[in-house]
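Here the structure is laid out as structure tokens; the discussion comes afterwards.
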Protein chains: 2
Amino acid sequence: MIEISQLKFDGQGLIPAVVTDFYSKKVLTVAYMNAESLQITLREGKTCFYSRSRSMLWRKGETSGNVQEVVSIKTDCDRDALWIEVIKAGPACHLGTDSCFNEEVFRSETGKDFSLGRLYELISARSELYEHTSK
Amino acid sequence: MIEISQLKFDGQGLIPAVVTDFYSKKVLTVAYMNAESLQITLREGKTCFYSRSRSMLWRKGETSGNVQEVVSIKTDCDRDALWIEVIKAGPACHLGTDSCFNEEVFRSETGKDFSLGRLYELISARSELYEHTSK
């Protein structure tokens, strides 16, 4: 296991964290951690980030309830980025969407074909639709 | 579709790009792009990054042959990060590993149980072992 002291934080003391969904494998968010927020994450088993815009620690789900239970944290060959797999209690995005990544910049022909990820998205969308209409 | 001009590049003109494997859904790399490397990526359909350490454009696989064919590119709610799905021709990491994320910082009990991702890793590892030993 890699210790926090072995990670490379940038000039602002931050390290980017890619948060993915343990079940769907989707990328949910790219957020930033400092050493303290990573310590809190390890201790509490739930993601805690450092908000660059508000210059403060930010326990994900503290107000919304949409906490992220941490399954694994890995670092890369440069030890200057984190990949965090989570099980989320609700939407990852403050806009209420499953993931923060919703806007397309590009999609190849291959990407328009069938994939497990797209099937998962389709089933999830229909499930949400069903829950809304059956109430 | 979002245009390059609508993205938020940082003070150095860069945007972080999370590269994931279209098939395994693994996070392969966190790299950086400037507007020019993103234009090249869109035009050529293969990832081109900006190397912060070498201060130059870096077409992934240019020397190794391990190019990454781009399937999709999405941006997030802040438009300050990219998620790029790729089909890779070989290892994503310069160390020869499938992904750059190989060192664990944390793993919960849930993460030790069965998952599709871990099954995929196991089968891939045994496939590589088989290819090595059967030569």
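Give me the 1.4 Å probe accessible area per residue for segment B:1-83, excluding ligands and nucleic acids, in Å².
Computed with neighbouring chains in place, this is 45 Å² per residue.
Compared with its chain on its own, segment B:12-31 contains the following residues whose accessible area drops by 20 Å² or more in the full protein assembly (probe 1.4 Å; ligands, DNA and RNA excluded): B:Pro16, B:Val18, B:Phe22, B:Lys25, B:Val27, B:Val30. To put it simply, the accessible area of segment B:30-80 at a 1.4 Å probe is 43 percent carbon and sulfur.
By a 1.4 Å probe calculation restricted to protein chains, A:Ser64 has an accessible surface near 70 Å², given to the nearest 10. Under a 5 Å amide H cut-off, with hydrogens placed 1.01 Å from N, A:Asp80 pairs with A:Lys8 among residues at least 5 apart or on other chains. Of all the options A:Glu103, A:Glu85, A:Glu44, the one that moves most in a Gaussian network model of chain A with Cα springs shorter than 10 angstrom is A:Glu103. Shown for segment B:85-107: residues covered by the partner protein chains by 20 Å² or more of accessible area relative to the chain by itself (probe radius 1.4 Å), namely B:His94, B:Cys100, B:Phe101, B:Glu103, B:Glu104, B:Val105, B:Phe106, B:Arg107. Total lysine pairs in chain A at Cα distances under 30 Å, for residues eight or more apart or on different chains: 27. Label-to-label distances for A:Arg54 across copies, nearest first, come out at 4.1 nm, using points 7 Å from Cα in the beta-carbon direction.
Position A:Gly65: other-copy label points at 5.6 nm, ordered by increasing distance, label point 7 Å along Cα→C-beta. Spacing of the modelled spin labels on A:Leu57 and A:Tyr120, each 7 Å from Cα toward Cβ, amounts to 3.1 nm.
Segment B:1-29 and segment A:45-68 have Cα centres spaced 22 Å apart. Each copy carries a label point for A:Glu3 at 7 Å from Cα along the beta-carbon vector; from one copy to the others these points are 5.2 nm apart, nearest first.
Can you pull the Kirkwood radius for segment A:1-43, inverse mean 1/r over Cα pairs, to one decimal in Å? Each step should come with its number before you reach the end.
Working: mean 1/r = 0.0869 Å⁻¹.
Hydrodynamic radius (Kirkwood, Cα only) of segment A:1-43 equals 11.5 Å.
Between chain B and chain A, the total buried accessible area stands at approximately 4400 Å², from heavy atoms with a 1.4 Å probe.
The values are calculated or read from the model by the stated rules, or taken from the named source; none is laboratory data. These numbers were taken from a predicted model, which means no experiment stands behind them. So basically every Cβ, Gly included, is an ideal-geometry build from the backbone, and we count neighbours across all protein chains shown. The accessibility values were calculated without ligands, DNA or RNA, using every heavy atom of the protein model including side chains. Shrake-Rupley method; radii C 1.70, N 1.55, O 1.52, S 1.80 Å.
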